[in-house]
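**Student:** So that we are looking at the same thing, I have put the structure below in structure tokens.
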Amino acid sequence: MSEGLARAAYSTLFRLLIPAYLLRLWLRGRAEPGYRVALPQRLGFGEPAIAPGALWLHAVSLGETKAAAALVDALRLQRPGLRLLLTHGTATGREAGQALLREGDVQAWLPVDTPGAVRRFLRATRPAAGVLMETEIWPNLLYEAGRIGLPMVLANARLSERSARKGERLRALLAPAVQALSLALAQSEADAQRLRSAGVPDVQVAGNLKYDLQPPSAQQAIGEAWRAALARPVVVLANSRDGEEALLLREWGQAFAACGEQPLLLIVPRHPQRFDEVARLVAQAGLSLARRSNWAGGEPPPEAAQADVWMGDSLGEMSLYYSLADVALLGGSFLPLGGHNLIEAAANGCPIVLGPSTFNFAEAAQLALAAGAARSAQDMPQALAMAKDWLAHPLALSDAVAHAQAFASKHRGAAARMASAILARIK
């Protein structure tokens, strides 16, 4: 299939799916009202007013938005007065992005990837350059940007072997898109090699922005204080995905059956719409639950200390949860999902047990293991055995805490490198 025909077929399919897409957003808005905000922007209508020449930065969800914070700080440091157009795809990303805005900045949804929606968005906003975070390759968006001469940068770029293989099967569609990128700033040399093989014309290795994120000291202090008030250790399943909580809950009681007192289990689901579902799973397992949302802004009530499980059903408090925990089990790594950000756990001094699936953070996982900041398990029972071993050996756990902090601080500097490369593309 020719490149033009592939993009036409893709665009037609996307147009046909728009009603279902909008319905899905509306339904999801029942649990997360942010999805119902400014819905016309999803089709390129009703874009916020902004003077031409802003830097457009797209961070699709919460993880990318948090990483973008370090980049935005570096950009503002190198170019004071920079105006920012910030776009997202998820409600959690949009909520987190509000903290990045300054006077003159605006925030919007990225429109669906149809030619008309993309053209309306670009005509209304007229940015000086566009920055897409990590993996956001959209064929029509990049085609239209190339057509009008808009420089596009893929920042904090990563491309796993699995994604590269999928991309090869869709080469007629994706090859023109990646060739339209002005620059890709890769997290690692392995990512860079795969991006070059995919056809990106200019690729530089810049490192991973997530190393540059500084944990909020106020959250760390709260987490450490809550941990000190507890008479038992804490194990956190962080950024858990659908299916992982059930795996953990089936094994939890047996894993610590020989202990005098079981550790407190802290579960922090990745997606807010699953909070109630996870609460039901805990109840079905016969365990008592205390939810963070029930004491938001205050101290845990006395009865919370006696609960079997705490749920972190809040947004933007991962540093608090990692500072509260003695050991973290990395969510997204116990099912074939590629894992989530392990660097944040390390920066907060929380040793990590990784499941078998870490392709989203392959290099970081290897470095963390080599540094002694993490251990690797083949399944949930083995992960719990490793967590139990760390808890049973305080000196080894203390060493792992120090190794985690050293690992996180060693690889900083990506934000300044990326900011310099991006600003060089703005006329």
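The values are calculated or read from the model by the stated rules, or taken from the named source; none is laboratory data. As the structure is a prediction and not an experimental result, all values here were calculated from the model. Note that we place each Cβ from the backbone using ideal geometry, even for glycine, and neighbour counts take in every protein chain shown. These accessible areas exclude ligands, DNA and RNA; they are computed on the full protein's heavy atoms, side chains included. Shrake-Rupley method; radii C 1.70, N 1.55, O 1.52, S 1.80 Å.
**Student:** How large is the convex hull of the C-alpha atoms of the stretch 47-123 per residue, in Å³?
**Tutor:** That works out to 85 Å³ per residue.
**Student:** Which of ASN140, ASN294, ASN348 moves most in a GNM of the chain, Cα contacts under 10 Å?
**Tutor:** ASN294
**Student:** Can you give the local net charge around GLU251? Use residues other than it whose beta-carbon is closer than 13 angstrom to its beta-carbon, Lys and Arg +1, Asp and Glu -1.
**Tutor:** Cβ neighbours under 13 Å give a net charge of -1.
**Student:** Report, by chain and number, residues whose modeled amide H sits under 5 Å from the one on THR87, excluding near sequence neighbours (fewer than 5 apart, same chain).
**Tutor:** It is LEU57, HIS58, ALA59, ALA108, by chain and number.
**Student:** Continuing with this model, one more query. When all C-alpha to C-alpha distances in the stretch 321-427 are sorted into bins of 10 Å, what percent of pairs does each bin hold, rounded to whole numbers?
**Tutor:** Percent of Cα pairs in each bin: 16, 44, 26, 10, 4, 1.
**Student:** Quick one: Kirkwood hydrodynamic radius for the stretch 246-328, alpha-carbon pairs, angstrom, one decimal?
**Tutor:** Taking every pair of different Cα atoms in the stretch 246-328, averaging 1/r and inverting gives 13.4 Å.
**Student:** Here's a follow-up. Sticking with the crude label model, points 7 Å out along Cα→Cβ, report the distance from HIS393 to ARG280 in nm, one decimal please.
**Tutor:** 4.1
**Student:** How far is helix 414-423 tilted off the main Cα axis of the chain, in degrees rounded to 10, range 0 to 90?
**Tutor:** Value to nearest ten degrees: 10.
**Student:** On a 0 to 90° scale, report how tilted helix 244-255 is relative to the longest principal axis of the chain, with both axes built from alpha carbons and the result rounded to the nearest 10.
**Tutor:** With rounding to tens, the tilt is 20 degrees.
**Student:** Where is the GNM fluctuation largest for the chain (alpha-carbon springs, 10 angstrom cutoff): ARG42, ARG162, ARG171?
**Tutor:** With Cα springs under 10 Å in the chain, the top fluctuation among ARG42, ARG162, ARG171 is at ARG162.
**Student:** Another question, if that's okay. At a Förster radius of 22 Å, what calculated FRET efficiency corresponds to the Cβ-Cβ distance of ALA228 and GLU303, to the nearest 0.05?
**Tutor:** Using R0 = 22 Å, I get an efficiency of 0.75.
**Student:** Starting from the Cα-Cα distance between ALA38 and ARG119, subtract it from 0.36 nm times their residue separation and give me the gain in nm to one decimal.
**Tutor:** Gain on stretching ALA38 to ARG119: 27.4 nm.
**Student:** Right, something else. List the aspartates and glutamates whose Cα lies under 18 Å from the Cα of LYS410, skipping any in the same chain that are fewer than 8 positions away.
**Tutor:** List returned: GLU189, ASP212, GLU344, GLU363, ASP399.
**Student:** I'd like the carbon and sulfur percentage of the solvent accessible area for the chain, probe radius 1.4 Å, heavy atoms only, ligands and nucleic acids excluded.
**Tutor:** Roughly 55 percent of what the probe reaches on the chain is carbon or sulfur.
**Student:** Taking Cα centroids, how far is the stretch 177-231 from the stretch 83-108 in Å?
**Tutor:** Centre-to-centre (Cα) distance: 19 Å.
**Student:** Moving to a separate point now. Would you mind getting the accessible area per residue of the chain, heavy atoms of the protein chains only, 1.4 Å probe, in Å²?
**Tutor:** I get 42 Å² per residue for this part.
**Student:** Measure nothing but the geometry: give the 0 to 90° angle between the long axis through the Cα atoms of 217-229 and the longest principal axis through the Cα atoms of the chain, rounded to 10°.
**Tutor:** 20
**Student:** Follow-up. Taking the Cα centre of each part, how many Å lie between the stretch 269-313 and the stretch 14-63?
**Tutor:** When both Cα centres are located, 31 Å separates them.
**Student:** Between GLU161 and ALA385, what FRET efficiency follows from the Cβ-Cβ distance if R0 is 30 Å, with the result rounded to 0.05?
**Tutor:** The formula returns an efficiency of 0.55 here.
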